[in-house]
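Just passing along the structure, written as structure tokens.
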């Protein structure tokens with residue numbers, strides 16, 4: 001018989017309990033809370049914080065991937081919800097997320113309480129108990145850091161919910177940005193190359209100069225992150241052409257669409273890179289430093305040149 005272990009961590013926050021609950025209940029919370037060192041993936045949509053909602057995640061299991069099925073079993077809006085494992089790596093897993101007013105009357109306290117049991121009972125605890133405990137310590141330390149920083153940042157900006165169009169939303173930066181925005185109450189639209197799968201995805205094809213104009217309807221800001229991965233392949237002449245062309249074509253298409261829109265968004269953010277400075281050794285550089293030389297410096301200079309056309313929108 002497996003013995004039940006109890007893991008508990010709490011965090012004091014400046015945000016009130018309702019705000020903390022809303023942050024956890026919005027799309028993107030799962031992505032924000034998964035540590036970058038964990039190769040965990042959603043096998044479908046993230047569960048909403050509603051009783052009976054289920055979700056499946058996959059994780060590395062040797063050369064294969066295992067799965068973890070869970071269900072939201074109870075919800076008290078504004079203060080608490082619980083998820084339990086239906087099938088997965090633990091013999092038992094019950095995670096209660098609680099948010100309550102801080103004793104001093106300002107802010108709140110977030111509590112994560114996990115009751116879990118390992119397979120094989122005492123043998124499982126002997127073999128993996130300390131490892132699992134350390135893993136939980138590290139994971140929840142990360143989760144609490146992200147929660148505190150995200151809530152503080154959203155409170156500091158305190159802007160009304162906005163519609164933000166993002167390119168490159170499937171990349172490392174784009175995924176994090178989209179999740180950060182949605183947990184803050186904003187709606188994220190994504191420009192994608194595949195057929196749209198929901199109402200927040202819109203088709204574009206920079207090489208063909210195609211972009212669904214509906215993507216810009218009612219948008220408050222555009223964040224352009226798309227471009228060929230510079231670390232994906234060896235830099236052959238063909239690959240270098242793709243790296244440059246993907247950035248120029250995509251930026252040009254976006255700026256042209258902004259200029260043609262009846263009501264263009266007021267904000268356009270286009271990613272560049274430190275590569276614009278070239279290899280300058282130990283020289284201290286700032287945003288005011290002159291561009292350097294070399295392939296990446298040239299790519300960034302042309303990329304920024306295309307983006308500056310948006311200043312005339």
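The values are calculated or read from the model by the stated rules, or taken from the named source; none is laboratory data. On a predicted model such as this, the values are computed, not experimentally measured, just so you know. Here Cβ is always computed from backbone atoms with ideal geometry, including for glycine, and neighbour counts include all displayed protein chains.
Can you find even one residue in the range 118-138 that is within 16 Å of the chain's Cα centre (by Cα) and either in contact (Cβ under 8 Å) with a residue 40 or more places away in the chain or in the same structural domain as residue 45 (by TED's automatic domain parsing) (or both)?
no
Do any residues in the range 275-286 that are more than 19 Å from residue 301 (Cα to Cα) have Cβ atoms under 9 Å from those of residues that are assigned to a helix (DSSP H, G or I), where the two are at least six apart or on different chains, and which pairs are they?
283/277
Right, another one. Check whether at least one residue in the range 40-49 is loosely packed, with under 15 Cβ neighbours inside 10 Å and over 22 Å from the mean Cα position of the chain (by Cα), and report yes or no.
no
Quick one: which strands (runs of 3 or more DSSP E) lie wholly within the range 142-254 and hold at least 2 residues that are touching a helix residue (DSSP H, G or I) at 6+ places or on another chain (Cβ under 9 Å), in the same structural domain as residue 34 (by TED's automatic domain parsing) and surrounded by fewer than 20 Cβ atoms within 10 Å (Cβ to Cβ)?
none
Checking the structure you have, find out if any residue of the range 99-107 is surrounded by 14 or more Cβ atoms within 10 Å (Cβ to Cβ) and under 19 Å from residue 40 (Cα atoms). Walk me through it before giving the result.
Step one: list which residues in the range 99-107 are surrounded by 14 or more Cβ atoms within 10 Å (Cβ to Cβ), which gives 99-102, 107.
When the remaining residues are screened for being under 19 Å from residue 40 (Cα atoms), the result is none.
No.
Ok, one more. If I ask for residues that are assigned to a loop (DSSP other than H, G, I, E, B) and at pLDDT 90 or above, which ones from the range 289-313 would you list?
289, 290, 291, 292, 293, 294
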